[in-house]
1. So, V82, is that one farther than 23 Å from I125 by Cβ, open to solvent by less than 50 Å² (accessible area, probe 1.4 Å), at pLDDT below 90 and β-branched (V, I, T) or not?
2. Would you be able to tell me the number of residues in the stretch 17-72 that are within 17 Å of F103 (Cα to Cα) and either open to solvent by 50 Å² or more (accessible area, probe 1.4 Å) or among the hydrophobic types (A, V, I, L, M, F, W, C) (or both)?
3. Mind checking which residues of the stretch 85-100 are open to solvent by less than 70 Å² (accessible area, probe 1.4 Å) and either of a type in the set (K, R) or at pLDDT below 80 (or both)?
4. Please determine, by comparing only the residues of the stretch 1-16 that are open to solvent by less than 90 Å² (accessible area, probe 1.4 Å) and of a type in the set (F, W, Y), which one is modelled with the lowest pLDDT.
5. Contact list please: Cβ distance under 7 Å, first residue in the stretch 64-86 and within 27 Å of F108 (Cβ to Cβ), second residue polar (S, T, N, Q) and at pLDDT 75 or above, pairs at least six apart or on different chains.
Amino acid sequence: MSLLWTLIVSFLYAEIVCVVCLVYPVGNPRKWDRFFKSKFLSTISKKAQAYFLIVISALFLLLVDSFLEMRKYSNEEYRNIVDVHVGSKIFQNTRLFRAQRNFYVSGFAIFLMLVIRRLVTLISIQAHYPGYYVKASHEVY
């Protein structure tokens, strides 16, 4: 795995930890809201929209790149060229597997970025309107 994809996988793991921390009821929403509005995060949040768009666009470019690689290595013309040797067929299947893995990693990273953004928004809303909460049965009170 290249250094770039190692960083993307590490970013995905960090997102998974972040989602678990936000979903698991560690503290009440007011504590989370105070954490979101702390000095450290407030300096980051001034440019948060720009950072979010940059990261999403980079992940989207990696998603498109891995999709194009998947199409390249699963193409029949490419398979016919490679069918001469068994070793090259294994090499081709390895590249196809890596392209598929990269596709799923970048896709899940994009998805979890959107989930984290929505969770932060919902926790902030719940902190400002304490009577507004959603039960497990999805009934709003």
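1. yes
2. Final tally of qualifying residues: 17.
3. G87, S88, listed by residue number.
4. W5
5. S66/N102; S66/S106; M70/Q100; Y73/Q92
The values are calculated or read from the model by the stated rules, or taken from the named source; none is laboratory data. Remember, it's a predicted structure, so these values are computed and weren't measured experimentally. Cβ coordinates were reconstructed from backbone atoms using ideal geometry, including for glycine residues, and neighbour counts include every protein chain displayed. The accessibility values were calculated without ligands, DNA or RNA, using every heavy atom of the protein model including side chains. Shrake-Rupley method; radii C 1.70, N 1.55, O 1.52, S 1.80 Å.
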